[in-house]
Each structure stands twice: as structure tokens, then as C-alpha cells.
Amino acid sequence: MIPPIARRFVAGESVPAALDHARAANEDDIAVILNLLGEHYDDRADARADTDAYLALLDDIADSGLDACVSVKPSQIGMDVSADLFEEHYREIVARADELDAFVWCDMEDADTTDATLDAFESIAADYPWSVGQCVQSNLKRTADDLDRLVDVPGKLRLVKGAYDEGSSIAYTDKADVDAAYRDDLRLLFERRDRGVAVGSHDPEMISLADRLAREHGTEYEVQMLMGVREDAQRDLAAQGVDVYQYAPYGDKWLSYFYRRVRERKENLTFAARAVLGR
Ligand code: FAD
């Protein structure tokens, strides 16, 4: 059982619990991105099992009528076995989503996997336009060039600052530089796209910038935040008419995810403790 302190960040251990969470979020006009916790499988059978779990989850979402989609991690569906296996599974999941009029996101992991992930996204989006979206990380120095290549691909793009520690030869390591790159990447996306921009950030400054850029360029966009982080802001934005998506992980591998949230921001532990203690 997930202890109450971690429950703030994780939708539950089972699919029914995840769908219940999505139902509650939908009541606040917040759509949900469900992620089955799991990563770095070097065994083909594990990658296959999570691929099958996502196929079944897409069916369940379609049956439920909920405003929800899924997000997969490359190393969860085969990247650590081979890039080909990853692409095969990624394609299969998006094909099912396309049939069901559902949607699949792909997270971005460490920089060794960026090329294979973007190549797969480009090819799959060409076959299943607007059924798939890809995360890109502004901390990587290559991202401005990647966006130049990706702006015309028929899939959504989720811009995040980047959660992986990368070397200074390929990544901005200073927070101010990452923030500056994020602003530049947002400007590029809003200037050159008329739809399909996802702002994956809790940063009030970046969300205000996105709002300004959307008014200026008429671009359709959404804001994405994690479950358990700035949920008041998620509700406020949704009430103002912004498309808000909450990324909600579920599954029995919740422990390392919870530790990551706490490591990222120690106050999360205090917030979670307060929520549990009702103070
Ligand atoms: P930060 O730069 O960390 O903080 C900026 C400001 O935001 C803070 O000053 C504060 O005002 C506010 N803030 C941030 N966190 C909190 C908090 N916990 N509580 C209260 N206020 C807060 N990374 C990847 O590398 N690959 C992915 O696939 C990926 N997918 C993601 C999907 C979603 C939906 C989101 C939201 C993030 C994802 N990330 C991913 C993580 C991302 O790269 C960042 O590490 C993470 O979002 C922190 O950066 P930030 O822009 O939210 O704000």
C-alpha cells in the first residue's frame, strides 16, 4: 500500500485507482496524463509487459470516457534493449491510440537516447498525425536545433527544463542558463506553431510568458504539471480556461518516483507531511 505521504504524488497502485484519480481531476476541468511507473528494463519481457499494460490502459480510458491520455518512458518500452524494439513498441501503442481517438506522450530520458527517441517520434507522428506528442528538454544545447527540425512534425511538443544531470559540454548546467534557453525555446514554438505546444513546467514566470505568447501569436497550447505540485495553480488555470493536464504516475514502483520528487525539492516533503497531518 502507498503510504499517505507518497499518495500526494502517485495516483495509486492499480488501473482502477488511476482512473478514479483521473475522474476526480476531470471534475476540476483538469485532464490527466497517466504514466505507469517503470523504467530501464533491459529484459525484453519487461518491456513487452509494460507495452501491453499501456495497450490495455488505452482501452480502459476509451471505455471510461475520461479526459485522459498516457505517457510512456523510452526505457520502459524497450530502449535499453534496442532502439528498434523501443520504436516497435512506441508505434504499436500510438497505433492503438489512433484507432481509439486517444493520445500518447513520450517522455524524454538521458541524452544518450535523444536521437533515437526523436527519430522514432518523427516517423510515428508522420504515420499517426496528432495522436502522439514528444517531450524535449531545454537544458540540452542541441534543443534549439531539434525544435527547428520538429516544428513541422504533426505531433505535440512538451517543453520541459530537463530532469537529467548532463555534462556541461552538451547541457546548460546553470539554472539561469536553463531558464533563458526555456524562454527562447518557448518563443520559437509559439512563433512557429499554431497548435500542439505543451508547457511542461510549474514555473509561474514561464506560464505567464506562454500566456503572453499565445495571445500574441494565436497558438493553441496547454500547461502540464505533475500530480502533487502546485495543484491550486492547476485548478486556477483550468478555471481561467487554460487547457491543463496533470501528469499522474501510478503503479507499484512508486518508491523511487516519490524519492525523486522529494530530492528535487525538499519542501515537497514538508508539503506532503502537512497534507497528511491536515495542517
Ligand atoms: P523549476 O525551475 O524547478 O522551478 C521554477 C519555479 O516553479 C519555482 O521557483 C517555483 O515557483 C515553481 N515550482 C517548481 N517546483 C515546485 C514545487 N514542487 N512546488 C511549488 N512550486 C514549484 N523532465 C525530463 O527530463 N523528461 C520528461 O519527460 C519530463 N516530463 C515532465 C512532464 C511534466 C508534466 C512536467 C511538469 C515535468 C516533466 N519533466 C520532465 C521535469 C522537468 O524537466 C523539470 O525537471 C521539472 O518540471 C522542474 O522544473 P520546472 O520548470 O517545473 O520549475
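Bear in mind these aren't lab numbers, they're just calculated from the coordinates by the rules spelled out. Note that the structure is predicted; figures quoted are calculated from it, not measured. All Cβ positions, glycine included, derive from the backbone under ideal geometry; neighbour counts span all protein chains shown.
A few notes on this one:
- Around the amide H of residue 201, modelled in the peptide plane, lie the amide H atoms of 224, all under 5 Å away and 5 or more residues distant in sequence or on another chain.
- Alpha-carbon radius of gyration plus Dmax, which is the widest Cα pair, for the stretch 1-80 in Å: 13.3, 40
- From phi via Karplus (6.51, -1.76, 1.60), per-residue ³J(HN,Hα) for the stretch 87-102 in Hz, x at Gly/Pro: 5, 4, 5, 4, 4, 4, 5, 5, 4, 5, 4, 4, 4, 8, 6, 10
- Pairs of lysine residues in the chain that meet both criteria, 8 or more places apart or on different chains and Cα atoms under 27 Å apart, total 15.
- Charge context of residue 166, other residues only, Cβ under 15 angstrom, K/R +1, D/E -1: -4
- Panel order for 114, 173, 143, by other beta carbons found within 10 Å of each beta carbon, from fewest to most: 173, 114, 143.
- Amide H contacts under 5 Å for residue 171, placed H, 5+ residues apart: 141
- Built amide H within the under 5 Å cut-off of residue 32, gap 5+: 68, 69, 246
- Sequence of 21, 89, 217 once ranked by neighbouring C-beta atoms within 10 Å, starting from the fewest: 217, 21, 89
- Going by neighbour counts of Cβ atoms within 10 Å, the residues 223, 32 line up, fewest first, as 223, 32.
- Relative to its residue count, the stretch 46-142 spans a Cα convex hull of 89 Å³ per residue.
- For the stretch 44-61, backbone phi angles converted through the Karplus equation (6.51, -1.76, 1.60; θ = phi - 60°) give residue-by-residue couplings of 3, 5, 5, 5, 5, 4, 6, 4, 4, 4, 5, 4, 5, 4, 4, 4, 5, 5 Hz, Gly and Pro being listed as x.
- Backbone HN-Hα couplings from phi across the stretch 167-180 [Karplus 6.51/-1.76/1.60, Hz, Gly and Pro as x]: x, 6, 6, 10, 9, 6, 10, 8, 4, 4, 5, 5, 4, 5
- The orientation-averaged projection of the convex hull spanning the C-alpha atoms of the chain amounts to 13.8 square nanometres.
- Two numbers describe the Cα atoms of the stretch 93-184: Rg and Dmax, which are 13.8, 43 Å.
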